[in-house]
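Accompanying notes for the structure given below.
Quick note: the coordinates plus some simple rules give every number you see, no bench work behind them. None of these values were measured; they are calculated from a predicted model. Note: ideal-geometry Cβ built from the backbone for every residue, glycine included; neighbour counts use all protein chains shown.
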Amino acid sequence: MADVRFEHVYKRYGDNPPVITDLNLEIADHEFLVLVGPSGCGKSTALRMIAGLEDISEGNLYIGDRLVNDVAPKDRDIAMVFQNYALYPHMTVFDNMAFALTLRHTPKEEIQQRVERAAQMLGITPYLKRRPRELSGGQRQRVALGRALVRDPQVFLLDEPLSNLDAKLRVATRTEISRLHQATGTTFVYVTHDQVEAMTMGDRIAVLNAGVIQQLGTPQELYDHPANLFVAGFIGSPSMDFFEVNLHRKSDGHAEIVVGKGDDAQRLTLQGQAAEVATGQAPGVGDTSDGRPLIVGIRPEHFSLDGAQSGDGATISGVVDVVEHLGNEQLVYVRLPGAYVPEASETKGSTARVGASAKVSPGERISLHVDTSHLHFFDPSSTKSLV
Ligand SMILES: Nc1ncnc2c1ncn2[C@@H]1O[C@H](COP(=O)(O)OP(=O)(O)OP(=O)(O)O)[C@@H](O)[C@H]1O
Ligand SMILES: [Mg+2]
């Protein structure tokens, strides 16, 4: 068991711009850290650098107290489950799982025990005598997991280990991996492009985009206080809704945001903390000029059908596009003024989460109550959160 530390790490291929830029990241001993981000953002590269399968162009990488920049993969005491795992086709499942231990001359009895234990954890005991081609994709994936699991490494690296599983098995295996982490207490670094996996599994999540860490924090921190538009749009499903607004301070201390333009424009009144943040009275917010352009973010659950909720808030109205019934709730896609779609966000239009029993139909104009105590404010040029 060990911690892993990246210090100002860069990765370059030839003369191209770096695929990892100034990576600084401390992964604590026993921690389950998830690296999440869109395809091509450098997740596998970062993981492969820990494994020693990619050179580090610049900077330092430590496992425990040891600088490992020049340590060979086999001397790093890590186990990795690859995105494109390959099992030995001519070996049985048992032998595939036992392979690394056999190489290290582990006593036969111990190999037997470790393989059986791993197989049991992963539900593949019945297949130990089969060969990989006699297994489904999901079963093979679990053998690949098991092969790493038997090693009892200092650090366990997993690169999208659930990508070949169907939806149900994905959820089950996700839970299994979390349980494995609890049972072994080993440091896990887990790569995925799926923010739901990141949210459900990680002690902490590092969000990566184009080789740069956007934010590092617990799932709840990222959800409640996304540092910028990218994280705000990436974490959460359905995505946060965004609006281009202009902000006006009113003489009574309240503030008003205007969404949309011309005849479409709607005004929402902000009070309390939202007004303070929006008008720059809260520390560090900056610009207080009248009409200041901002991007406002609202999570789908912070809308409700007007009348369903009382108390502070503002109202906005729009025409319903699509209604999705999920049994326990409905997702209502609405055309609202000023809607803005950033990178990495889903683009079905603004989404509101409403109760299962509400009667809403496509084409209908509805009024939505906005919980203004949960608004997010972003600077349009820097894309950073104002708070
Ligand atoms: N050998 C290589 N030579 C040049 N560029 C490379 C090489 N390997 C990877 N890259 C580039 O580095 C970037 C990061 O790749 P990486 O495999 O780390 O992405 P990823 O985040 O794991 O994506 P995915 O989710 O698709 O697996 C990509 O733009 C890729 O094209
Ligand atoms: Mg990858």
14 Å Cα-Cα reach of residue 250 towards aspartates and glutamates, excluding residues that sit fewer than 8 places from it in its own chain:
276, 290
With the dipole of the chain defined by +1 on each Lys or Arg Cβ and -1 on each Asp or Glu Cβ, the option from 236, 68, 314 whose Cα lies farthest towards the positive pole is 68
With unit charges on the beta carbon (Lys/Arg positive, Asp/Glu negative), name the residue among 158, 279, 300 whose Cα is farthest towards the positive pole of the charge dipole of the chain.
158
So what's the back-of-envelope 222 nm ellipticity for the chain, counting only DSSP H runs of four-plus at -39500 (n - 2.57) apiece and dividing by all residues, rounded to 500?
-7000 deg cm²/dmol
How are the alpha carbon pair distances in the chain distributed across 20 Å bins from zero to the largest one, expressed in percent?
25, 46, 25, 4, 0
Only sites in a loop by DSSP and with at most 13 other Cβ atoms within 10 Å count here; which trypsin sites (Lys or Arg not before Pro) in the stretch 118-226 make the cut?
129
If you keep only loop residues by DSSP, which trypsin sites (Lys or Arg not before Pro) in the stretch 90-124 have at most 10 other Cβ atoms within 10 Å of their Cβ?
104
Whole-number Å³ per residue for the convex hull built on Cα positions in the stretch 4-234:
128
